[in-house]
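The values are calculated or read from the model by the stated rules, or taken from the named source; none is laboratory data. Since this is a predicted model, take the numbers as computed values, not measurements. Cβ sites come from the backbone with ideal geometry, for glycine too, and all protein chains shown count toward neighbours.
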Amino acid sequence: MPETAKHLLLVDDEAALRQAIAERLADHGFVVEQASNGEDALARLADFAYDIIITDLRLPGVDGRAVLQAALDRYPEIIAIIITGFGTVKDAVNAIKQGAADFITKPFQFDALLHVVNSAFEQRRLRSENAYLRSQLEARYRIDGLIGRSRVMRDLFQLLETVAATSSTVLITGETGTGKELAARAIHHNSPRRNNRFVAINCSAIPETLLEAELFGHARGAFTGAIGTRQGRLEQAHKGTLFLDEVGTMSPALQAKLLRVLQEREFERVGDAHTIKIDVRIIAATHSDLAKMVAESTFREDLFYRLNVIPVQLPALRERREDVPLLVQHFLQKLGAEQVPPRSVTMSQDALRRLMAYAWPGNVRQLENVVERALAFSHGRTQIDVHDLGPEIQNLPANPEGTTTWFPDEGIDLERYMEGVELTLIKRSLERTQGNKVQAARLLNLKRTTLIEKLKRLERGTAVYAAANERSE
Ligand SMILES: Nc1ncnc2c1ncn2[C@@H]1O[C@H](COP(=O)(O)OP(=O)(O)OP(=O)(O)O)[C@@H](O)[C@H]1O
Ligand SMILES: [Mg+2]
């Protein structure tokens with residue numbers, strides 16, 4: 001069986017006709033399975049991700065409409081072709097509304113059916129191509145869904161584009177919510193594999209015992225509950241991209257099997273001796289430090305090197321605070337448009353300053369949640385203010401001087417900046433101790449006299465600075 005073949009399910013209760021079509025489709029390179037009634041079709045759909053389903057609308061028992069719905073529910077990307085009887089145009093139209101790609105009326109010539117199938121594939125290809133072109137036009141401060149105008153992000157976009165042109169394995173690292181999955185999708189959508197599938201599997205979300213079968217598929221009866229043969233995610237991603245999320249949580253046994261896939265590009269389904277060759281691009285992601293796990297012997301070193309062919313590191317949001325306004329604008333637009341009725345809302349300067357000063361342990365995902373919450377709390381107003389933000393952000397100092405990693409594009413006056421930080425911290429320690437300088441000095445690990453000297457000098461500096469500013473105005 002060639003792995004490039006398109007898998008097709010043919011559902012019709014007329015045995016002779018079905019058999020004839022199946023044979024001719026097989027001649028054209030399709031891998032065809034047949035079902036003679038709705039129940040059988042549903043059972044097969046539950047087991048296997050077909051590329052195409054061709055079904056008669058009128059079937060004994062479960063009818064074609066129900067089969068079509070089940071197919072589309074389970075595999076939204078499936079190409080569904082409907083066979084209708086003469087004079088049932090209305091049924092055909094309804095099926096198209098339901099999501100079928102096309103229909104053909106009985107009796108028909110085989111070539112007509114083949115044409116319908118091929119043009120459905122062509123349409124789908126053009127659809128994704130157009131979407132791709134649009135995204136190219138809009139690209140400037142974004143690649144796919146990833147947004148950012150900071151230096152690190154623009155460098156990242158360039159790296160992603162370069163990587164997309166290759167088929168090399170990629171290892172994406174970064175804290176939670178930094179956009180690892182978005183980056184993986186961006187690579188796929190900009191790669192020559194974009195017309196084939198992007199299949200994601202989260203290794204930490206699937207119980208260890210099921211992960212192997214999920215990844216590699218299984219044969220009928222391979223284990224209790226394996227009712228039919230099932231194609232794994234790896235096979236589904238053939239010619240496309242497999243995204244292995246949270247790869248650091250894989251068991252040693254599975255790590256060994258994955259290593260083989262990376263080295264040999266082949267594997268077997270669970271409970272099946274037949275070796276399957278595969279052409280797949282692998283993108284792995286993790287928020288853990290794999291190098292450290294290698295040092296601690298919890299992750300295979302050879303696998304780490306096979307995965308880490310091209311490392312892509314996503315920066316934490318606090319390391320690129322200058323992206324916060326752009327992201328806020330993006331989320332306000334997106335979330336505002338989803339409201340009923342749609343709202344156009346802005347963020348006040350004050351609120352934006354607080355958002356830029358915050359440390360964002362949950363990164364962009366957390367920012368999106370905060371914007372969504374603020375939008376809800378701002379009721380009918382057109383501007384979000386500080387009091388609409390969550391308490392963790394509201395309670396931050398208004399000036400970003402306490403945030404030492406923030407580096408504005410235009411650069412900073414380091415000495416003045418550090419004096420500002422010192423003054424802020426000293427004032428805060430005095431607030432905390434109700435002005436008791438001995439206790440405050442202790443909190444700051446300073447001698448009392450040093451604290452007093454510093455305070456005098458800093459306050460004088462600020463006063464001189466303020467006076468100079470006043471004069472120049
Ligand atoms: N640069 C970005 N531009 C726009 N949206 C982003 C960006 N980064 C992340 N997001 C949004 O933040 C959320 C989290 O992104 P994603 O799922 O890709 O993160 P992740 O790194 O995979 O997180 P986790 O480690 O928790 O799985 C998504 O809603 C995504 O749309
Ligand atoms: Mg993720």
Worksheet item: From the residues in the range 346-402 that are surrounded by 14 or more Cβ atoms within 10 Å (Cβ to Cβ) and β-branched (V, I, T), which one is modelled with the lowest pLDDT?
Response: I393
Item to complete: Could you check how many residues of the range 215-250 are part of a loop (DSSP other than H, G, I, E, B) and on the phi > 0 side of the Ramachandran plot?
Response: 4
Worksheet entry | Filter result (of a type in the set (A, V, I, L, M, F, W, C), under 23 Å from A441 (Cβ atoms) and modelled with pLDDT of 75 or more) within the range 408-423 | M418, L423
Discussion item. Scan the range 120-143 and tell me whether some residue there is at pLDDT 85 or above and of a type in the set (S, T, N, Q).
Written reply: no
Worksheet item: Taking the range 239-291 on its own, how many of its residues are without any contact (Cβ under 8 Å) to a residue 60 or more places away in the chain and of a type in the set (K, R)?
Response: 4
Item to complete: Among what's in the range 147-193 and is touching a strand residue (DSSP E or B) at 6+ places or on another chain (Cβ under 6 Å) and assigned to a strand (DSSP E or B), pick the residue that is surrounded by the fewest Cβ atoms within 10 Å (Cβ to Cβ).
Response: T173
Worksheet, complete the sentence: Sole miss for A205 among (1) within 16 Å of ligand 1 (Cβ to nearest atom); (2) crowded, with 20+ Cβ neighbours inside 10 Å is condition (2)
Item to complete: Can you tell me which residue among R220, R185, R194 is within 13 Å of ligand 1 (Cβ to nearest atom) and in contact with a Ser or Thr (Cβ under 9 Å, 6 or more places away or on another chain)?
Response: R185
Worksheet entry | Test set (1) in contact (Cβ under 8 Å) with a residue 60 or more places away in the chain; (2) part of a loop (DSSP other than H, G, I, E, B); (3) not basic (K, R) - N196 fails condition number | (1)
Worksheet item: In this structure, is A253 touching a strand residue (DSSP E or B) at 6+ places or on another chain (Cβ under 6 Å) and either more than 24 Å from T166 (Cβ to Cβ) or not in a loop (DSSP other than H, G, I, E, B) (or both)?
Response: no
Worksheet item: Does A41 qualify as being touching a strand residue (DSSP E or B) at 6+ places or on another chain (Cβ under 7 Å), aliphatic (A, V, I, L, M), crowded, with 16+ Cβ neighbours inside 10 Å and modelled with pLDDT under 90?
Response: no
Worksheet item: Before we move on, is H218 touching a strand residue (DSSP E or B) at 6+ places or on another chain (Cβ under 8 Å), without any contact (Cβ under 8 Å) to a residue 12 or more places away in the chain and either surrounded by 17 or more Cβ atoms within 10 Å (Cβ to Cβ) or within 21 Å of K6 (Cβ to Cβ) (or both)?
Response: no
Discussion item. Being under 19 Å from the mean Cα position of the chain (by Cα) and either surrounded by 19 or more Cβ atoms within 10 Å (Cβ to Cβ) or more than 16 Å from ligand 2 (Cβ to nearest atom) (or both) is true for just one of G240, G225, G271. Which residue is that?
Written reply: G240
Item to complete: Within the range 167-201, track down each residue that is within 14 Å of ligand 2 (Cβ to nearest atom) and within 16 Å of Q255 (Cβ to Cβ).
Response: L171, I201
Discussion item. In a loop (DSSP other than H, G, I, E, B) and charged (D, E, K, R): which single residue out of R343, R365 fits that description?
Written reply: R343
Worksheet item: If we keep just the residues of the range 308-331 that are of a type in the set (A, V, I, L, M) and more than 16 Å from ligand 2 (Cβ to nearest atom), which is farthest from E372 (Cα to Cα)?
Response: V309
Practice prompt. Please give the number of the condition I96 fails out of (1) in contact with a Gly (Cβ under 7 Å, 6 or more places away or on another chain); (2) more than 19 Å from A46 (Cα to Cα).
Written response: (1)
Item to complete: Filter the range 202-214 down to the residues that are assigned to a loop (DSSP other than H, G, I, E, B) and either in contact with a Phe, Trp or Tyr (Cβ under 7 Å, 6 or more places away or on another chain) or of a type outside the set (S, T, Y) (or both), then identify the one that is farthest from ligand 2 (Cβ to nearest atom).
Response: P207
